[in-house]
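Inspection log for the structure reproduced underneath, given as structure tokens.
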Amino acid sequence: QVQLVESGGGLVQAGGSLRLSCAASGRTFSSANMGWYRQAPGKEREFVAISGYLGSTYYLESVKGRFTISRDNAKNTLYLQMNSLKPEDTAVYYCNALPLQPWGQGTQVTVSS
């Protein structure tokens, strides 16, 4: 069981950048596979990126080259660096472990055109 607290969202113009953070507690973070997900209103939650505890990373095709997932095991924190943001990136962003745990509140990202 883990507790997840996302932060760092906001309102930016297209082409701008944000860095999201996820503070995790309740388990050994360094041995956990972690990921970022997002959900737009009226849409299903979708996978964005995964950070494997052994160092592998995986990305949704539409964010490759723009987003970078990383982690600081000493701080039990997961990050998502988001560059070249597009209006279609607008969503609530969530982090989670794999296998999935209960969802946190997420953080809102809004990209204006």
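Some observations on this one:
- Virtual spin-label span in nm between Ala14 and Lys64, 7 Å along Cα→Cβ: 2.3 nm
- Within straight-line reach of Lys86, meaning a Cα separation under 18 Å, sit the following lysines at least 8 residues removed in sequence or on another chain: Lys43, Lys64.
- Cα centroid separation, segment 86-112 to segment 16-53 (Å): 7 Å
- Whole-number accessible area per residue in Å² for the chain, which is evaluated in the context of all protein chains at 1.4 Å: 52 Å²
- Put Lys64, Lys75 in order of accessible area, highest first, and with a 1.4 Å probe you get Lys75, Lys64.
- In terms of its Cα atoms, the chain spans 40, 26, 22 Å along the principal axes, sorted from long to short.
- Inter-label distance for Ser113 and Gln3, nm, one decimal - labels placed 7 Å from Cα along Cα-to-Cβ: 4.1 nm
- Fraction of accessible area attributable to carbon and sulfur, segment 53-108 (%, probe 1.4 Å): 52 percent
- Total formal charge among the other residues, if their Cβ is under 15 angstrom from that of Ser113, Lys/Arg +1 and Asp/Glu -1: -1
The values are calculated or read from the model by the stated rules, or taken from the named source; none is laboratory data. Everything numeric in this text was worked out from a predicted model, so none of it was measured. Neighbour counts run over all protein chains shown; Cβ positions are idealised from the backbone, glycine included. Accessible surface areas use protein heavy atoms only, side chains included; no ligands, DNA or RNA. Shrake-Rupley method; radii C 1.70, N 1.55, O 1.52, S 1.80 Å.
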